[in-house]
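Notes for the one structure printed next.
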Amino acid sequence: GCEHYRRGCRLRAPCCGKLYPCRLCHDAAEEHQLDRFQVSEVQCSSCRLLQKAQQHCEGCGSLFGEYYCDICHLFDRDKKQYHCQECGICRIGPKEDFFHCSKCNLCLSLSLQGKHKCIENVSRQDCPICLEDIHTSRVGAHVLPCGHLLHRTCYDEMLKEGYRCPLCMHSALDMTRYWRQLDNEVAQTPMPTEYQNMMVEILCNDCNARSTVQFHLLGMKCQSCESYNTAQDGRCRLSLEEQ
């Protein structure tokens, strides 16, 4: 095996004829990618017999993988994997805990069925954090409330620095509790006299509504959804006295 998979064979790359533990090891060493679907031969790690791709060695009987897919030619220990025809690749299951969203073009947890925002073929976009592929990644995808996807690991790292989707700036998690805390902080922090009557137009990143609100350094709350995930839209400021 290798750091990526536990298996008892090496793949013979159809592109260059070289033997590698897996496609990821091949792609890291070569300047081209291995097409997993074109793999037809493997070499047994025990007896070194080169043979057609299959689950058991035809020479010594060794098991190449507890799980084997004869479409993806994936060999690995049992992780309740299943091959999704719509995704075109194998997914980690169990299968009964997932459904395939045809619009997002990705297998998602049943807990998200009917509860997530769909974006056409969103899984075919690269992760906006690491810029790596999401659809075929070994790292699971996290679905944001806005419908965009991040690798789960990238999502965890993002939350250490901020709370907004890097693509659309929508809040990436439920911020209601924090917004109410910010309400109290704003109420307890009066602005200097010269700013107390200053009004500003804002655009909400969460609901896209525009509001005219009192300027405050700690944040300006959307009058539609009460989110503080807002930005000044660049229009002129008006004082209350001028209205």
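Of all residues in the stretch 99-116, those that are farther than 19 Å from residue 151 by Cβ have Cβ atoms under 9 Å from Cβ atoms of residues that are part of a loop (DSSP other than H, G, I, E, B) and charged (D, E, K, R), 6 or more apart or on another chain, in 100/86; 102/86; 103/120.
Taking residues in the stretch 168-181 that are in contact (Cβ under 8 Å) with a residue 24 or more places away in the chain and more than 10 Å from residue 227 (Cα to Cα), and partners anywhere that are small (Gly, Ala, Ser) and part of a strand (DSSP E or B), the pairs with Cβ atoms closer than 9 Å and at least 6 places apart or on different chains are 169/231. Based on what the data block shows, is residue 45 in the same structural domain as residue 134 (by TED's automatic domain parsing) and without any contact (Cβ under 8 Å) to a residue 60 or more places away in the chain? No; evaluated as a whole, the condition is false for this residue. The set of residues in the stretch 185-216 that are of a type outside the set (A, V, I, L, M, F, W, C) and within 22 Å of residue 164 (Cα to Cα) comprises 185, 201, 205, 206, 208, 210, 211, 216.
Does residue 121 fit the bill of being under 24 Å from the mean Cα position of the chain (by Cα), of a type in the set (S, T, N, Q), within 30 Å of residue 229 (Cβ to Cβ) and exposed (fewer than 14 other Cβ atoms within 10 Å of the Cβ)? Outline the logic, then answer.
Details: under 24 Å from the mean Cα position of the chain (by Cα): yes; of a type in the set (S, T, N, Q): yes; within 30 Å of residue 229 (Cβ to Cβ): yes; exposed (fewer than 14 other Cβ atoms within 10 Å of the Cβ): yes.
Judged against the criteria, residue 121 is a match.
Looking only at residues of the stretch 138-156 that are modelled with pLDDT of 95 or more and farther than 19 Å from residue 101 by Cβ, we find that the one that is surrounded by the fewest Cβ atoms within 10 Å (Cβ to Cβ) is 156. Per the conditions (1) outside the structural domain of residue 34 (by TED's automatic domain parsing); (2) crowded, with 16+ Cβ neighbours inside 10 Å, the sole criterion not satisfied by residue 100 is (2).
Only one entry in 218, 159 is in contact with a helix residue (DSSP H, G or I) (Cβ under 7 Å, 6 or more places away or on another chain), free of Cβ contacts under 8 Å to residues at least 40 places away in the same chain and exposed (fewer than 15 other Cβ atoms within 10 Å of the Cβ), namely 218.
Is it fair to say residue 48 is touching a strand residue (DSSP E or B) at 6+ places or on another chain (Cβ under 9 Å) and modelled with pLDDT of 95 or more? Taking the combined requirement at face value, the residue does not satisfy it. For residue 164, the conditions (1) exposed (fewer than 14 other Cβ atoms within 10 Å of the Cβ); (2) of a type in the set (D, E, K, R); (3) outside the structural domain of residue 221 (by TED's automatic domain parsing) all hold with the exception of (1).
Considering the conditions (1) over 30 Å from residue 100 (Cβ atoms); (2) touching a helix residue (DSSP H, G or I) at 6+ places or on another chain (Cβ under 8 Å); (3) surrounded by fewer than 18 Cβ atoms within 10 Å (Cβ to Cβ); (4) of a type outside the set (Asp, Glu), residue 135 is excluded by exactly one of them, (1). Residue count for the stretch 68-83, restricted to those that are surrounded by fewer than 16 Cβ atoms within 10 Å (Cβ to Cβ) and within 16 Å of residue 137 (Cβ to Cβ): 1.
Can you confirm whether the stretch 50-62 contains a residue that is within 32 Å of the chain's Cα centre (by Cα) and among the basic types (Lys, Arg)? For the stretch 50-62, residues within 32 Å of the chain's Cα centre (by Cα) and among the basic types (Lys, Arg): absent.
When residue 164 is tested against (1) touching a strand residue (DSSP E or B) at 6+ places or on another chain (Cβ under 7 Å); (2) free of Cβ contacts under 8 Å to residues at least 60 places away in the same chain, exactly one condition is not met: (2).
The values are calculated or read from the model by the stated rules, or taken from the named source; none is laboratory data. Every value quoted in this text rests on a predicted model; they were computed, and no experiment measured them. A quick note on method: Cβ atoms are made from the backbone with ideal geometry, for glycine too, and the neighbour counts reach across all protein chains shown.
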